[in-house]
Structure formats: structure tokens, C-alpha cells
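Asker: Below is a structure I'd like to ask you about.
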Amino acid sequence: MTPRPSSRPRVLIIGCGFGGLEAARALRRASVDITVVDRTNHHLFQPLLYQVATAGLPAPSIAAPIRHLLRDQENVTTLLAEVVAVDPAERRVRLADGGSLPYDHLIVAAGSTHSYFGNDAWAAHAPGLKTLKDAHEIRRRVLLAFEAAEQEADDPQRRAAWTTFVVVGGGPTGVEMAGTLVEIARRTLPGEFRRIDPARARVVLVEGGPRLLQAFPESLSASAQRQLERLGVEVRTGARVSTIDEDGLAFTAGDESVRIESRCVIWGAGVAGVPLGRQLAEAVGLETDRAGRVPVLPDLSLARHPEISVIGDLALAHSHPSGSEPRPVPGVSPAAKQMGRAAAANVLRRLNGRPTEPFRYRDYGNLATIGRNSAVVDLQTPLGRLRFSRKPAWLFWLFAHVYFLIGFRNRLVVLVDWASAYW
């Protein structure tokens with residue numbers, strides 16, 4: 001598998017998430033040959049993945065074919081393949097099918113996967129949410145749980161286990177998932193079953209830290225918890241999970257040990273860099289952090305290998321604002337997009353014989369939805385931080401996500417689906 005011969009510099013981009021797509025688009029007018037390699041054939045809008053997992057949106061609404069997105073960019077070749085190793089000495093990547101691809105400049109935007117903090121056996125009982133496959137599996141488990149409860153109407157204990165849903169992790173994904181599960185039970189499913197009342201389903205959100213949404217200010221974290229509890233979610237903070245099995249999970253909170261019988265546990269507590277990150281780090285003589293992220297220089301390249309840049313969730317990066325101390329770059333989609341553009345710009349600087357520039361991350365704030373008419377927003381504006389919650393925050397969250405969706409058709413479909421569900 002080798003791209004067509006050319007005398008132009010070869011830029012290879014691994015991964016077409018937010019960072020990889022932005023890098024490819026930033027090089028659209030450059031005199032280079034770009035190869036974009038991804039394990040899937042679609043770009044995924046991950047912030048709305050939980051809506052697919054809870055049957056709120058169909059998968060095509062948040063996924064767009066990579067070839068279609070880059071169809072008008074003549075300097076791009078798109079390949080469906082999985083990169084399993086990078087050989088910096090030969091400037092070549094190895095593919096899962098045994099093939100290889102050469103490069104002159106490499107941008108690694110391979111993303112992240114679930115982290116169970118060393119307890120990988122939990123994955124079978126508590127799926128995470130990173131891909132469309134994950135979303136479909138979670139949706140299957142949620143809907144089948146209600147079906148199984150309908151058949152257990154004569155056994156209260158077994159019925160309760162099927163209609164108890166536990167979400168582990170109080171970040172945006174966990175908060176959004178817990179709120180949506182309550183709405184499914186309270187608003188979507190009532191009247192569809194004869195032997196159970198879905199509205200009596202129990203949803204528990206378990207967070208190991210002292211509060212939810214720890215990237216948000218404390219006032220908004222508290223507001224998010226109040227809104228969740230108002231919806232009917234049981235929130236347990238300071239709760240460290242010790243066991244997850246097919247029948248439920250156990251956690252400790254201070255001196256208290258708690259066991260919850262649940263046949264549907266969803267994991268949203270941790271992420272780690274994909275295995276390719278560790279292989280790359282070893283190949284260039286670096287060490288990843290505990291989350292598997294690769295340390296990068298201020299310009300997002302690797303020490304002693306300026307031809308390789310790592311961006312997005314896989315990068316252990318710091319922003320270098322003018323006149324300020326370096327700050328860690330969060331693993332969020334706006335950061336990945338900015339890193340993609342910065343890495344592409346530095347590739348062009350190297351090709352033109354100019355010095356590269358350090359990456360400067362612009363923090364626009366954070367958004368999280370909690371449920372119908374409920375959300376929290378923390379924005380960075382020219383006049384300072386703007387923080388608000390509840391229905392105004394929910395409307396802002398809604399239109400912000402529609403705006404950033406890829407493709408006019410997807411925006412229109414999502415708006416129609418949401419409007420129909422709301423009214």
C-alpha cells in the first residue's frame with residue numbers, strides 16, 4: 001500500500017478526528033502530498049456520541065465519511081488502515097495488514113481509548129464511550145435492560161437490578177449520560193411496557209473525586225449536581241470503585257462500603273492514549289506519562305525528531321502563552337483542532353526553512369448538558385469569564401453543538417430531531 005510517486009514532500013496524518021482533520025485542511029493549499037490514515041471510514045463528532053448511545057440521535061447524524069469531507073482537497077489521499085508502529089529511522093509506518101507507508105513529515109493524531117486504571121477485566125461489564133461501536137453496544141444494553149425487566153416482573157430483586165443504571169465518572173460524558181438515562185426512563189419509555197414502570201428506574205452517578213465536572217468552577221459543579229438530583233439522579237462523589245462484575249459494582253466512600261446490584265454499568269471515568277503512543281515513545285527514546293500520552297516540545301514535535309508531531313489526546317502538551325508560564329493543554333476537541341492547525345503551520349515553516357513557533361492554546365471555556373433545559377456553561381470572553389446554567393446554558397449548548405457539527409445536512413437533521421423530541 002503505497003501512495004502514487006511524487007517529488008513533493010510527503011505528509012502522513014494518522015487519525016482523522018478533530019486534530020487530524022484540521023491538520024489536513026490547514027495544508028489544503030500547500031505543495032505537499034498528504035496521506036490520511038484512519039481505522040474507520042468516518043470522522044466522528046464525539047461530543048454528541050452519548051446521544052447515539054441513548055437512542056437520541058442516529059449514528060449518521062454525528063459521523064461523516066472522511067473521503068467525502070476531503071473530496072475537494074486534491075493533495076489528499078485517504079486510506080482505511082490501522083497503523084501499529086512507527087519506524088523513525090526509516091521514516092515509515094507499519095500497518096496492521098503487513099503493509100507500510102513512507103513519510104517526510106508525520107502528524108500523529110491517533111486519539112485515546114478507555115482507561116480502567118489497571119482493571120481491564122471491568123471492560124466486559126462496563127463499556128466506555130469512544131466510538132460508534134461503543135455507542136451501539138451501550139444503547140443495546142440499556143434497551144435490553146428494560147426488556148429483561150419486563151420479563152422479571154414477578155421477581156422484585158431481579159427487576160430492580162435490571163432497572164438500575166450506574167454511570168462511573170463525573171466528567172461531561174458521565175454527567176450527560178446520567179441525565180439522558182433519566183430522561184429516557186421518565187419521558188421516552190413510559191406507556192410502552194405493561195408489567196414495569198420505566199419511570200421508576202434508578203440512575204446512579206459515581207465519581208471518585210470530591211465533585212462533578214472538576215474542570216469547571218465549583219459553583220457550576222454544584223449547580224450541575226443540583227440539576228442532576230432534581231432530575232432524579234443519585235450522585236455519589238468521593239466514591240472509589242473497587243469491583244465491577246456482571247451483577248453490579250462496589251465502591252468505598254470514606255469509611256462506607258457500598259454494593260449496587262446493576263446489570264447495566266457504563267464507564268466514563270478515565271481515558272488513556274492508544275497503544276501506538278507507547279510504541280512511538282519507545283521508538284524515539286521517550287517515556288509516556290501514566291495515561292500513555294507522549295511528551296512533546298513547545299512546537300508539538302518530538303525531541304530529536306522534528307519531522308514528527310503529536311497532537312490531540314495523545315499529546316502531553318503545554319501551551320506557551322506570551323509572557324506567561326506554560327500551562328497543560330486539556331484533552332478537549334477545541335484543543336485538538338488548534339493543535340492540528342499549529343502542527344500543520346509548523347510543517348510549512350520547516351519546508352520553507354523558517355523556525356517553528358510554540359503552540360498557544362486559546363481556552364474558550366467548557367460546556368456540559370445535564371438534561372432537558374439543564375446545562376452549565378463556563379465561557380472565556382474578551383470581558384472575562386461568563387458563567388451561567390439551567391435553560392439559557394442548555395440553549396447555548398444546543399446551538400454551539402449544532403454549529404460545530406460537520407456538514408449542513410447533519411446540522412439540519414440534528415435540529416429537526418431535537419426539535420421533534422423537545423416538542
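The values are calculated or read from the model by the stated rules, or taken from the named source; none is laboratory data. Treat the numbers as computed from the prediction; the structure is a model and nothing was measured. With ideal geometry, Cβ positions are generated from the backbone for all residues, glycine too; neighbour counts draw on all protein chains shown. To get the accessible areas, we keep the full protein, side chains included, count just its heavy atoms, and leave off ligands, DNA and RNA. Shrake-Rupley method; radii C 1.70, N 1.55, O 1.52, S 1.80 Å.
Asker: Note down the relative contact order for the range 298-340 as a percent, whole number, built from C-alpha pairs under 8 angstrom at least six residues apart.
Answerer: After rounding, I find 35 percent.
Asker: Per residue and in Å³, how big is the convex hull formed by the alpha-carbon atoms of the range 258-303?
Answerer: 116
Asker: Let me ask something else about it. Does the range 269-388 classify as rounded, prolate or oblate by the C-alpha gyration tensor (a ≥ b ≥ c root eigenvalues; a/c under 1.5 gives rounded; else a/b over b/c gives prolate, otherwise oblate)?
Answerer: oblate
Asker: A further question follows. Quick one: accessible surface of Arg211, probe radius 1.4 Å, all protein chains present, in square angstrom to the nearest 10.
Answerer: 60
Asker: If you roll a 1.4 Å probe over the heavy atoms of the protein chains, what accessible area per residue do you get for the chain, in Å²?
Answerer: Result: 47 Å² of accessible area for each residue.
Asker: Oh, and also: Rounded to a whole number, what % of the accessible area of the range 91-249 do carbon and sulfur atoms account for, probe 1.4 Å?
Answerer: 44
Asker: GNM, the chain, Cα, under 10 Å: largest mean-square fluctuation among Ala291, Ala222, Ala317?
Answerer: In the Gaussian network model the winner is Ala222.
Asker: Can you divide the C-alpha Rg of the range 108-187 by 2.2 N^0.38 Å and report the result to two decimal places?
Answerer: Working: Rg = 14.6 Å, N = 80, 2.2 N^0.38 = 11.6 Å.
Its radius of gyration relative to the 2.2 N^0.38 Å reference: 1.26.
Asker: Follow-up. Between (1) 52; (2) 22; (3) 27, which matches percent of Cα pairs over 37 Å apart calculated for the structure shown?
Answerer: Recomputing percent of Cα pairs over 37 Å apart here picks out (3).
Asker: Separation between the Glu90 and Arg362 pseudo-spin-labels, each 7 Å from Cα along Cα→Cβ, expressed in nm?
Answerer: Going by the 7 Å Cα→Cβ label model, 4.2 nm.
Asker: By how many nm would the segment from Ser257 to Arg411 grow when fully extended, if each residue of separation counts as 0.36 nm and the alpha-carbon distance is taken off?
Answerer: 50.9 nm
Asker: Using a 1.4 Å probe over the heavy atoms of the protein chains, calculate the carbon and sulfur portion of the accessible area of the range 19-69 as a whole percent.
Answerer: Using a 1.4 Å probe with all protein chains present, the range 19-69 comes out at 48 percent carbon and sulfur.
Asker: Given only helices, namely DSSP H runs of n ≥ 4 each adding -39500 (n - 2.57), what is the per-residue ellipticity at 222 nm of the chain, to the nearest 500 deg cm²/dmol? Walk me through the numbers on the way to the answer.
Answerer: Details: 11 runs with 129 residues, N = 423.
Taken over the chain, the calculation gives -9500 deg cm²/dmol.
Asker: Suppose each label sits 7 Å from its Cα in the direction of the beta carbon; what would the Leu383-Glu325 distance come out to in nanometres?
Answerer: The two pseudo-label positions are separated by 3.0 nm.
Asker: Right, here's the next one. Among DSSP bridges having both ends in the range 114-271, what percentage is antiparallel? Round to the nearest 5.
Answerer: 50
Asker: Here is a further query. Going by Cα centres, the range 359-415 and the range 4-57 are how many Å apart?
Answerer: What the calculation gives is 23 Å, centre to centre.
Asker: Sort out for me the Cα centre separation of the range 130-183 from the range 78-102, rounded to whole Å.
Answerer: 39
Asker: State the Kirkwood hydrodynamic radius of the range 1-154 in Å, one decimal place, computed from all pairs of distinct Cα atoms.
Answerer: Taking every pair of different Cα atoms in the range 1-154, averaging 1/r and inverting gives 17.6 Å.
Asker: With the alpha-carbon atoms as the only input, what is the per residue convex hull volume for the range 1-79 in Å³?
Answerer: Values: hull volume 6.9 nm³, N = 79.
Given the Cα convex hull of the range 1-79, per-residue volume reads 87 Å³.
Asker: Computed over the Cα atoms of the range 60-141, what is the convex hull's projected area averaged over all directions, in nm²?
Answerer: Values: hull surface 32.9 nm².
Value for the range 60-141: 8.2 nm².
Asker: Using the C-alpha gyration tensor of the range 163-307, what are the square roots of 5 times its eigenvalues, in whole angstrom, with the largest one first? It would help to have the intermediate numbers written out before the result.
Answerer: Working: eigenvalues 277, 58, 53 Å².
Whole-Å semi-axes of the equivalent ellipsoid: 37, 17, 16.
Asker: Would you mind calculating the relative contact order of the chain from Cα pairs under 8 angstrom and at least 6 residues apart, reporting the percent as a whole number?
Answerer: Computed value for the chain: 17 percent relative contact order.
Asker: Show the residues, 5+ positions off or on another chain, whose built amide H is closer than 5 Å to the amide H of Gly365.
Answerer: For Gly365, whose amide H was placed from the backbone, the distant partners under 5 Å are Gln380.
Asker: Just grab the label-to-label distance for Gln157 and Glu192, each label 7 Å out from Cα along the Cβ direction, in nm (one decimal).
Answerer: So the two model labels end up 3.0 nm from each other.
Asker: Another one. Let's test the formula: R0 of 41 Å, r as the Cβ-Cβ distance of Gln73 and Glu137. What FRET efficiency results, to the nearest 0.05? Could you put the intermediate results ahead of the total?
Answerer: Working: r = 33 Å, r/R0 = 0.81.
My answer for the efficiency is 0.75.
Asker: Looking at the range 1-148 only, what percent of DSSP beta bridges run antiparallel? Nearest 5 please.
Answerer: Within the range 1-148, antiparallel bridges account for around 40 percent of the total.
Asker: Which value does Rg/Rh take for the range 66-200 over its C-alpha atoms, Rh per Kirkwood?
Answerer: 1.15
Asker: DSSP loop (so not H, G, I, E, B), at most 14 other Cβ within 10 Å: list which GluC sites (Glu not before Pro) in the range 256-307 pass both filters.
Answerer: On the way: sites: Glu256, Glu261, Glu282, Glu287, Glu307; in loops: Glu287.
Of the GluC sites (Glu not before Pro), the ones in loops of the range 256-307 whose Cβ has at most 14 other Cβ atoms within 10 Å are Glu287.
Asker: Tell me which residues come under 5 Å, amide H to amide H, from Thr164 once H is placed; ignore anything under 5 positions away on its chain.
Answerer: Result for Thr164 returns Arg202, Arg263.
Asker: Which translational diffusion coefficient, to the nearest whole µm²/s, is obtained for the range 209-278 from the Stokes-Einstein equation, given a Kirkwood hydrodynamic radius over C-alpha pairs, 37 °C and 0.692 mPa s?
Answerer: 230
Asker: Where both partners of a DSSP beta bridge lie in the chain, what percent of those bridges are antiparallel, to the nearest 5?
Answerer: So the antiparallel bridges in the chain amount to around 55 percent.
Asker: Roughly speaking, to the nearest percent, how much of the range 250-366's 1.4 Å accessible area is carbon and sulfur?
Answerer: 50
Asker: Oh, and also: Spelling out what I want: for every residue of the range 237-248, take phi, set θ = phi - 60°, compute 6.51 cos²θ - 1.76 cosθ + 1.60 (Karplus), and round to whole Hz; glycine and proline get x.
Answerer: Values per residue, Gly and Pro as x: 9, x, 10, 9, 5, 10, 8, 9, 9, 5, 9, x Hz.
Asker: To continue, here is another question. Would you mind estimating how fast the range 238-335 diffuses translationally, via Stokes-Einstein at 10 °C and 1.306 mPa s with the Kirkwood radius over Cα pairs, in µm²/s?
Answerer: 98
Asker: Amide H neighbours of Val271 under 5 Å, at least 5 residues apart or on other chains, H built in the peptide plane: list them.
Answerer: The list, which skips near neighbours in sequence, is Ser115.
Asker: Still on this model: Select from the chain the helices, each a whole stretch of DSSP H, whose alpha-carbon atoms run 15 Å or more along the helix axis and whose Kyte-Doolittle mean is at least -1.0; answer none if there are none. Before the final figure, lay out each step's value.
Answerer: Working: long enough: 132-151 (29 Å, -0.40); 172-183 (17 Å, 0.43); 218-231 (20 Å, -0.74); 333-351 (27 Å, -0.14); 390-404 (21 Å, 0.50); 408-422 (21 Å, 0.51).
Span-like helices here: 132-151, 172-183, 218-231, 333-351, 390-404, 408-422.
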